[in-house]
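Student: Sending over a structure as structure tokens; questions will come in a sec.
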Amino acid sequence: MRPRAVFLTLGLVIPGLAALAGPAMAQDIPPPDDATRFLLDTGLAIGAGLCAILFVVAYGLRDIGLARVQNAPAACLRMLASFAATVFAFWLSGYMLAFTVEEAGFLGEFGPWAVSDIDPLTSGRASGAVWFFQAGLAAMAAAIVAASVSERVRLWAFLIFVGFLTGMIYPIAVSWVWGGGYFAADWGYHDGGGSTVHIVAGGAALAAAFVVGPRPGRFNARSPWIAATTMLPLSVFAAGIAWLALIGVSAGIGESFSSVEDAIRLGAAIANIAAATAAAVLTALMITQFVYDRPGLVTTMCAVVAGPVTVAGDPVNPDLWQAAMTGAVGGVIVSVTPPFLARFRIDDAGFVVPTHLFCGVWGAMIAAWVNPDARFVGQAVGAVSIAVFAFGVSLMIWTALKYSPFGARQRAPQPPAERPGGKPGEEPTRRPA
């Protein structure tokens, strides 16, 4: 047989054999042993926790880009301090409140968390890695609230609120869902991608913006608001980082990455997040072009984050077209609701109420469309109840802070001193004796 004929025969036979053998090989992949599963799942929890911290940093950068230049140092300080406060609050009470609730209960145990790895292979993951990931989710909620009250909230008042948010409000809501509490047990509430984080943070952000009030001149016709900033590219870059971080967080909420099925589910979740984000961005572009005759950069930037939020209720089960339709509604939400909030003089500096609260509730309810185990009534009741709980408790805490010696709001900056005939900022001249 000629060499050319040999190569032609092999070129036809080998791909055919590979096509026949490929599915069998894929099906014959052996499962990992217990030690490998433990290492992989622990690594997933650590990686997802790092993604949650990356989200906190990204939202801090996003806040800096949207704020005026003179307020950038305060935004940096608030980001660092809120993370530190979250770690202590979640250590002293948050974790135990979230994950020691009895089935169908409302409240877990108050007390500090401690590392416990007596039987690691039975638990499946290192306890420290799990705590780190859950603390990162709580820090995400604090970062979202910080963005809503940028440029006018007092640092210490905000840190006190962060202690209540991450040590009590957020953990109680988590106990109702991931801890096996009331809504998970009695209403069948399902949260497969972190919509609880966004709903709690969005409700708390709405209460904070309502009590603290708008930025100076924001709704004052006599002193028009000037939102000039040259750092919007930084905000867009940070929104992209936040999008990547949300993918990692969604993977961590899945809790496992140690089997072929787990890898398939993660791949489906990433594809659905990409489809939802693309649909949200294109929808926001079209709406702002139609309404304002030009595409809106800030609205589109919010749509980048709104895409993952809309499918956070269940990022695994939707088909791509379902994820795209869900994300498109998120693009509508972030485009039309900010002017609605402005009519009520609610100054949401980071546009987090539409992005996280409204899109989070929408994503939780629409999960019943794609997940046969979820019911629409249970999803709607659970999502709305969590939002009302976060808003109501946060409203009481912010009101108490407002009338406390700490105060909730920064003083408006005083205009520079000016002498007759002098320049602004100069010291007034002393009269001759």
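Student: With springs only between Cα atoms under 10 Å apart, run a GNM on the chain and tell me which of ALA147, ALA126, ALA135 wobbles the most.
Tutor: Evaluated over the chain, the most mobile residue of the options is ALA126.
Student: OK, next. What are the residues whose amide H is under 5 Å from the amide H of ALA126, where those residues sit 5 or more places off or on another chain and H is modelled from the backbone?
Tutor: THR42
Student: How high is the relative contact order of the chain? Use alpha-carbon pairs under 8 Å, at least six apart in sequence, and give a whole percent. Let's see the in-between values first.
Tutor: Numbers: 775 pairs, mean separation 90.2, N = 433.
Averaging sequence separation for qualifying contacts and normalising by length gives 21 percent for the chain.
Student: Could you list ILE144, ILE287, ILE241 so that the one with the fewest beta carbons within 10 Å of its beta carbon is first and the one with the most is last?
Tutor: Values: ILE144 26, ILE287 20, ILE241 17.
Result, fewest neighbours first: ILE241, ILE287, ILE144.
Student: Which residue fluctuates most in the GNM of the chain (Cα springs below 10 Å): GLU102, GLU151, GLU261?
Tutor: Residue with maximal mean-square fluctuation among GLU102, GLU151, GLU261: GLU261.
Student: Given the options PHE90, PHE344, PHE133, which has the most mean-square fluctuation in a GNM of the chain, springs set between C-alpha atoms less than 10 angstrom apart?
Tutor: Most flexible of the set in this elastic network: PHE344.
Student: Give the separation of the Cα centroids, region 267-309 to region 58-115, in Å.
Tutor: Cα centres, region 267-309 to region 58-115: 28 Å.
Student: Can you give the angle from 0 to 90° between the axis of helix 376-402 and the longest principal axis of the chain, with both taken from C-alpha atoms, to the nearest 10?
Tutor: 30 degrees
Student: While we're here: For ARG409, enumerate residues with amide H under 5 Å from its amide H, sequence gap 5+ or separate chain, H modeled in the peptide plane.
Tutor: ARG154
Student: May I ask you to evaluate 6.51 cos²θ - 1.76 cosθ + 1.60, the Karplus curve with θ = phi - 60°, for each residue of region 202-210 and list the ³J(HN,Hα) values in order in whole Hz, giving x for glycine and proline?
Tutor: The phi angles translate into x, x, 5, 5, 4, 5, 5, 5, 5 Hz.
Student: Still on this model: Per residue of region 295-304, in order, report the coupling 6.51 cos²θ - 1.76 cosθ + 1.60 (Karplus, θ = phi - 60°) as ³J(HN,Hα) in whole Hz, putting x for Gly and Pro.
Tutor: For region 295-304, the Karplus-derived couplings read x, x, 5, 5, 5, 5, 4, 5, 5, 4 Hz, x marking Gly and Pro.
Student: Moving to a separate point now. Go through region 41-55 residue by residue and turn each phi into a ³J(HN,Hα) via Karplus (6.51, -1.76, 1.60, θ = phi - 60°); whole Hz please, and just put x for glycine and proline.
Tutor: Result, rounded to whole Hz: 5, 5, x, 5, 4, 5, x, 5, x, 5, 5, 5, 5, 4, 4.
Student: I would also like to ask the following. Rg and Dmax in Å for region 42-141, alpha carbons only: what are they?
Tutor: Considering region 42-141 through its Cα atoms, Rg and Dmax are 16.2, 53 Å.
Student: Right, something else. Using just the helices of the chain, give the 222 nm mean residue ellipticity in deg cm²/dmol: DSSP H runs with n ≥ 4 each add -39,500 (n - 2.57), and the total is spread over all residues, rounded to 500.
Tutor: Values: 16 runs with 280 residues, N = 433.
It lands at -22000 deg cm²/dmol.
Student: Give me TRP156, TRP91, TRP178 ranked fewest to most by other Cβ atoms within 10 Å of their Cβ, as a rough exposure proxy.
Tutor: TRP156, TRP91, TRP178
Student: Once you sort the root eigenvalues of the Cα gyration tensor of region 247-298 as a ≥ b ≥ c, which label holds: rounded (a/c under 1.5), prolate (a/b larger than b/c) or oblate (the other case)? Each step should come with its number before you reach the end.
Tutor: On the way: a/c = 6.82, a/b = 3.63, b/c = 1.88.
Cα axes put region 247-298 in the prolate bin.
Student: Taking R0 as 51 Å, what's the FRET efficiency between ASP319 and ALA400 from their Cβ-Cβ distance, rounded to 0.05? Don't jump to the answer; show the numbers that get you there.
Tutor: Values: r = 47 Å, r/R0 = 0.93.
Between ASP319 and ALA400 the formula returns 0.60.
Student: Mind checking the alpha-carbon convex hull of region 221-369 and giving the volume per residue in Å³?
Tutor: Details: hull volume 16.6 nm³, N = 149.
For region 221-369, the hull spanned by Cα atoms encloses 111 Å³ per residue.
Student: Report, in degrees rounded to the nearest 10, the 0 to 90 angle that the Cα long axis of helix 3-27 makes with the longest principal axis of the chain.
Tutor: 70 degrees
Student: Now for a separate question. As I understand it, the value is the acute angle between the Cα axis of helix 359-370 and the longest principal axis of the Cα atoms of the chain; what does it come to in degrees, rounded to 10?
Tutor: 20 degrees
Any read-out appearing in this document is the output of simple, stated calculations on the displayed coordinates, not a laboratory observation. This structure is a prediction, so every number in the text was calculated from the model and none was measured. Here Cβ is always computed from backbone atoms with ideal geometry, including for glycine, and neighbour counts include all displayed protein chains.
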